[in-house]
Each structure stands twice: as C-alpha cells, then as structure tokens.
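The structure appears right after this line, and notes come after that.
The values are calculated or read from the model by the stated rules, or taken from the named source; none is laboratory data. The structure displayed is predicted, hence computed values, not measured ones. A quick note on method: Cβ atoms are made from the backbone with ideal geometry, for glycine too, and the neighbour counts reach across all protein chains shown. Ligands, DNA and RNA are excluded from the accessible area calculation, which covers all protein heavy atoms including side chains. Shrake-Rupley method; radii C 1.70, N 1.55, O 1.52, S 1.80 Å.
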Amino acid sequence: MPRKQPFDIDEVLRRVRAAVSEHATAAMFELAERGFRSVFQQLVGCIISIRTRDEVSLPTAIKLLERAATPAAMANLSVAQIDALIRASSFHEAKAAQIREIARRTVDEFGNDLPCDFDVLTSFRGVGPKCANLTMGVACATARISVDIHVHRVTNRWGYVVAGSPEATMRALERKLPQKYWIEINRLLVPFGKHICMGRLPKCSTCPVLEFCRQVGVTAHR
C-alpha cells in the first residue's frame, strides 16, 4: 500500500470539490438553488428526504412546495392532501402529519415565519440535529454541521474522526473541522459518498484523496 500523507483537510476538500462537480449537488442545496430557501421550506424538504434517496426526495419536495410554499398555505391542506403529494417518499403518511403540524404551529406560534433557531426546530416531532443543522446552514447561512450517513462514513473512513454514530461524528467534527467548512461538508460529502466513497466497494483505485485516506474499515474496493 502506498505511504499515506499527513491528512490535510484543505487539500482533501479541494480535491473532493473538484471530483463532485460533475455530479448533482445534495438535495437540500439544490432545493435552495431552485428558489425554496426559507427556513420552513428547507425543513419540509429535509423531512421528506429522511430515508429517501435524493433522486426521489428533491422532485417530491418541489411538488409539495409548489402547491404550498408557505406555512399558512401548507396548514390549509389536509394531511391526506399532503400525503398524496409526497407519496413517493418513504414513511410518507407519518411525514405528512409532521409537515402539517409544523405548518400549523408556525402559523399559530410564529406568525407564519419560522425562526432560524435550533431549539425551536428540534421542538418539532421528528426533527433531530441533522435536519435542524442542515436547515440552519442552508436557509440561514448559520455555521452548523449536518451529519448524514455519507458524512459519517466518509470522515471516519478517512480517519479524520473516530466516532461510532452520526451524532458522535457531528460532535467530533465540531471540535476539529475548520468552521469555514461546516456547511459545505454536507454539500460535498453527500455526492462524494454516493458516487466515489460508497458504503460497499468504494472506488479507492480512482479516488482523488486516496493518499490521505486511512481506508478505515475498507476490506474490499474497486
């Protein structure tokens, strides 16, 4: 095995940025680029994306938000109407009820304007740190790290952090990752994890950061 270089996060992310430029960006960032960038819209999009592939969640979120772009408009829909619009998403029935409840509370408690506040966002049923941080990062440009399965897998495989869960990875990255990358890390590592550093048989032979990666846990690769 070639000798590994000292891990340089700036160089690694520069190379990852170039490598993923030909792939679709992560769904929540793409949703914002399509004009759906409010806190409410981003939170709804993130809920739809849970356990659902970007290729499905993005058009599903757009379909719903084109019908009801504001909390007031969403609250005027029934759970059944929301469910019909997001049926392609996994666990759509539960998500429809969550989305309508968030819309109703946003109208009743926040005057139709959902604040960019971690405690408020995580007070909603089904919203954890990942969705709250991603929403705040994309909608409000607040420096927050959102750790999904790709960010968790890749950063641990690199050996950049050592953590047993996405939540532990988030805390480790908050201690180590330069804050200028806190929002971008999700945007970069979702497509990198989907197309290059996959869970099974990662493409190590053509990986642009192989010389830095410790390949933790990799037993077979392409």
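What to note about this one:
- Any hit, region 79-102, residues being free of Cβ contacts under 8 Å to residues at least 60 places away in the same chain, outside any helix (DSSP H, G or I), crowded, with 19+ Cβ neighbours inside 10 Å and touching an Asp or Glu at 6+ places or on another chain (Cβ under 8 Å): no
- For region 1-20, residues that are out of contact with any Pro (no Cβ under 9 Å at 6 or more places or on another chain), open to solvent by 50 Å² or more (accessible area, probe 1.4 Å) and not basic (K, R) total 6.
- All positions within region 123-154 that are within 13 Å of F40 (Cα to Cα) and either free of Cβ contacts under 8 Å to residues at least 12 places away in the same chain or among the β-branched types (V, I, T) (or both): V127, T135, V138
- Among residues of region 173-201 being in a loop (DSSP other than H, G, I, E, B) and of a type outside the set (A, V, I, L, M, F, W, C), the one that is farthest from V147 (Cα to Cα) is R200.
- Flag: R51 does not match the condition of being within 25 Å of N186 (Cβ to Cβ), within 19 Å of the chain's Cα centre (by Cα), open to solvent by 60 Å² or more (accessible area, probe 1.4 Å) and touching a residue at least 60 places away in the same chain (Cβ under 8 Å).
- The residue list R153, R144, R157 contains one member that is within 25 Å of I196 (Cβ to Cβ), open to solvent by 40 Å² or more (accessible area, probe 1.4 Å) and part of a helix (DSSP H, G or I), which is R153.
- Of the residues making up region 201-222, those that are of a type in the set (D, E, K, R) and either under 18 Å from H152 (Cα atoms) or under 24 Å from the mean Cα position of the chain (by Cα) (or both) are K203, R214.
- From the options V138, V127, residue that is modelled with pLDDT of 95 or more and either assigned to a helix (DSSP H, G or I) or charged (D, E, K, R) (or both): V138
- The condition (being of a type in the set (G, A, S), assigned to a helix (DSSP H, G or I) and either modelled with pLDDT of 95 or more or surrounded by fewer than 19 Cβ atoms within 10 Å (Cβ to Cβ) (or both)) is satisfied by just one residue among A69, A24, A61: A61.
- When each of V56, V39 is tested for being more than 17 Å from S146 (Cβ to Cβ) and either without any contact (Cβ under 8 Å) to a residue 24 or more places away in the chain or hydrophobic (A, V, I, L, M, F, W, C) (or both), the lone residue that passes is V56.
- Listed by first and then second residue, the pairs with beta-carbon distance under 6 Å, at least 6 apart or on different chains, first residue in region 195-222 and in contact (Cβ under 8 Å) with a residue 24 or more places away in the chain and at negative phi, second aromatic (F, W, Y) and not in a helix (DSSP H, G or I), are F212/F7.
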